[in-house]
1. For segment 80-89, enumerate the residues that are open to solvent by less than 50 Å² (accessible area, probe 1.4 Å) and within 11 Å of the chain's Cα centre (by Cα).
2. Give all pairs with beta carbons closer than 8 Å in which a residue from segment 26-45 that is in a loop (DSSP other than H, G, I, E, B) meets a residue that is among the polar types (S, T, N, Q) and at pLDDT below 95; count only pairs at least 6 apart in sequence or on separate chains.
3. For residues that are open to solvent by less than 80 Å² (accessible area, probe 1.4 Å), of a type in the set (Gly, Ala, Ser) and more than 14 Å from the chain's Cα centre (by Cα), scanning just segment 39-79, find the one that is farthest from THR105 (Cα to Cα).
4. Only residues in segment 96-123 that are more than 16 Å from MET49 (Cα to Cα) count as the first member; pair them with residues that are part of a loop (DSSP other than H, G, I, E, B) and among the aliphatic types (A, V, I, L, M), Cβ under 9 angstrom, at least 6 apart or cross-chain, and list the lot.
Amino acid sequence: QVQLVESGGGLVQAGGSLRLSCAASGRAFSTYAWFRQAPGKDREFVATMRWSDGSENYADSVKGRFTLSRDNAKNTLYLQMNSLKPEDTAVYYCAGSFRQFYSMTYASLYDYWGQGTQVTVSS
């Protein structure tokens, strides 16, 4: 059974940090990503990593504040979120894809999704 399980969300003050984890089991994916969805808004791309070479891509809104890392042995992707802002408040979803196109910023390219973890940043 293929699963993506997120953890690490919570409530933090503006300027604070959180680290999200995404543990994959069942199958290995070619590309992993984080998306987020705020109330009343569409799901938006946050960051992606190609597993074969570790190449990364970030949304402009999080560049310089969010950083991806991974633990190959645990098949786990991490999202370190620093200098958090109230506008970062959303449910964060981990996603896995068997594709590794040049641009993997579209939700429709992902095959499996986690259940989501809530991140709330207070002002």
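The values are calculated or read from the model by the stated rules, or taken from the named source; none is laboratory data. Values in this document were obtained by computation on a predicted structure and should not be read as measured data. Every residue, glycine among them, receives a Cβ derived from its backbone with ideal geometry; neighbour counts consider all protein chains shown. These area figures cover heavy atoms from the full protein model, side chains too; ligands, DNA and RNA do not enter into them. Shrake-Rupley method; radii C 1.70, N 1.55, O 1.52, S 1.80 Å.
1. MET81
2. GLY26/GLN1; GLY26/GLN3; ALA28/ASN75; SER30/SER52; SER30/GLN100
3. Only one residue fits best here, namely GLY54.
4. Here the result reads VAL119/LEU84; VAL121/ALA14; VAL121/LEU84; SER122/ALA14; SER123/ALA14, each pair linking segment 96-123 to a residue that is part of a loop (DSSP other than H, G, I, E, B) and among the aliphatic types (A, V, I, L, M).
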